[in-house]
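The values are calculated or read from the model by the stated rules, or taken from the named source; none is laboratory data. All values derive from a computational prediction rather than experimental measurement. Cβ: placed from backbone, ideal geometry, glycine included. Neighbour counts: every protein chain shown. Accessible surface is based on the protein model in full, side chains and every heavy atom, while ligands, DNA and RNA are left aside. Shrake-Rupley method; radii C 1.70, N 1.55, O 1.52, S 1.80 Å.
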Amino acid sequence: RPLVLSFEDVSQQRAAGQIRRDFVANVSHELRTPLTALTGFIDTLQGAARDDAAARDRFLAIMAREAGRMNRLVEDLLSLSRVEAEERMRPLDRIDLVALSRSAMASLLPLAEEAGARLELETSHDSLVVRGDADQLTQVLQNLVENGVKYGARGDKDSGANVVTIRLGVIAHEPVLRQAGAVMEVADRGPGIDPLHLPRLTERFYRVDSHRSREMGGTGLGLAIVKHIVNRHRGRLRITSEKGQGSRFTVILPME
Ligand code: ADP
């Protein structure tokens, strides 16, 4: 049977092929950077710095950091591929977002504290039940809060500490979902994001400031993972940000 492809099919196939090639090139590049650092320091430790105990400790610390970066990247790649593979299967466990947020908060508090940020939970609900996957919804919160803590830090000391707020609520009628939605929102009071970047923020490896993101240990995959998890839940992700006012990442999940 002859295979007939319309023009659009062909162009879509090309686009998919291009996307895959870009992705492989990006992954290779992201892995090569820490790998180059590691092999460089191994050479130095075997050669010039062989008998220099102080240098050895310093280099080992850098090597541990680079290995950690590779580890995070591989973990995020695995998360991404798992979520993508499951995207068509809608998760159906009954999840209470209030309980889930409280427990996610408890494990994120040390991170926030270390960065000098305050972490708050705002909700008027005792429980807020959706159908979903607990681990994945926890990962959404984790990625968004980590970003709020990392990127929400205020440059100037006078304006006070960064506050990252998790807000949970309900909208009676979400126009795109055409039904009631549970709202899970993470807001920071950091420098915000230029609106120019907003449409591309959830692309894999897209960063507003690559250098700063890498310095902070980012893989560039956090928001791509969030987007795929939200898609799998048939939800919506909205990002709003005003320069100087902070950013807000709003996840809306369909409610029964
Ligand atoms: P990364 O691992 O680099 O943090 P993400 O996919 O989580 O990757 O985020 C993509 C980019 O979006 C980040 O590099 C950063 O530039 C920007 N970003 C994400 N969250 C925030 C935020 N709360 N405030 C400002 N910029 C943010």
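Filter the stretch 229-246 down to residues that are in contact (Cβ under 8 Å) with a residue 60 or more places away in the chain and more than 15 Å from LEU141 (Cβ to Cβ), then give me how many there are.
So the count comes out to 5.
Inspect all residues belonging to the stretch 145-167 and state whether any of them is modelled with pLDDT of 90 or more, closer than 29 Å to ILE19 by Cβ, surrounded by 18 or more Cβ atoms within 10 Å (Cβ to Cβ) and acidic (Asp, Glu). There is at least one residue in the stretch 145-167 that is modelled with pLDDT of 90 or more, closer than 29 Å to ILE19 by Cβ, surrounded by 18 or more Cβ atoms within 10 Å (Cβ to Cβ) and acidic (Asp, Glu). If you go through the stretch 82-123 and keep only what is more than 16 Å from the ligand (Cβ to nearest atom), open to solvent by 50 Å² or more (accessible area, probe 1.4 Å) and closer than 30 Å to VAL24 by Cα, you end up with ARG82, ALA85, GLU86, ARG88, MET89, ARG90.
Right, GLY169: in contact (Cβ under 8 Å) with a residue 24 or more places away in the chain, in a strand (DSSP E or B) and either within 20 Å of LEU119 (Cβ to Cβ) or touching a Cys at 6+ places or on another chain (Cβ under 9 Å) (or both) or not?
Taking the combined requirement at face value, the residue satisfies it.
Restricting the search to the stretch 124-133, which residues are open to solvent by 40 Å² or more (accessible area, probe 1.4 Å) and among the aliphatic types (A, V, I, L, M)? Correct list: VAL129 only. Would you call THR39 in a helix (DSSP H, G or I), open to solvent by 50 Å² or more (accessible area, probe 1.4 Å) and at pLDDT 95 or above? Answer is yes for this residue. Residues that are small (Gly, Ala, Ser), without any contact (Cβ under 8 Å) to a residue 12 or more places away in the chain and closer than 20 Å to ALA187 by Cβ: does the stretch 147-156 have at least one? Looking for residues that are small (Gly, Ala, Ser), without any contact (Cβ under 8 Å) to a residue 12 or more places away in the chain and closer than 20 Å to ALA187 by Cβ, one finds none in the stretch 147-156, hence no. Of all residues in the stretch 228-246, those being within 12 Å of the ligand (Cβ to nearest atom) and either open to solvent by 70 Å² or more (accessible area, probe 1.4 Å) or over 14 Å from the mean Cα position of the chain (by Cα) (or both) number 7.
Would you confirm, using the coordinates I've provided, whether ILE225 is modelled with pLDDT of 95 or more, closer than 16 Å to VAL83 by Cβ and either near the ligand (Cβ under 9 Å from one of its atoms) or surrounded by fewer than 18 Cβ atoms within 10 Å (Cβ to Cβ) (or both)? Considered against the rule, which asks whether it is modelled with pLDDT of 95 or more, closer than 16 Å to VAL83 by Cβ and either near the ligand (Cβ under 9 Å from one of its atoms) or surrounded by fewer than 18 Cβ atoms within 10 Å (Cβ to Cβ) (or both), ILE225 comes out as yes.
Applying the condition of being surrounded by 12 or more Cβ atoms within 10 Å (Cβ to Cβ) and part of a helix (DSSP H, G or I) to the stretch 189-222 and asking which residue is farthest from the ligand (Cβ to nearest atom) yields PRO195.
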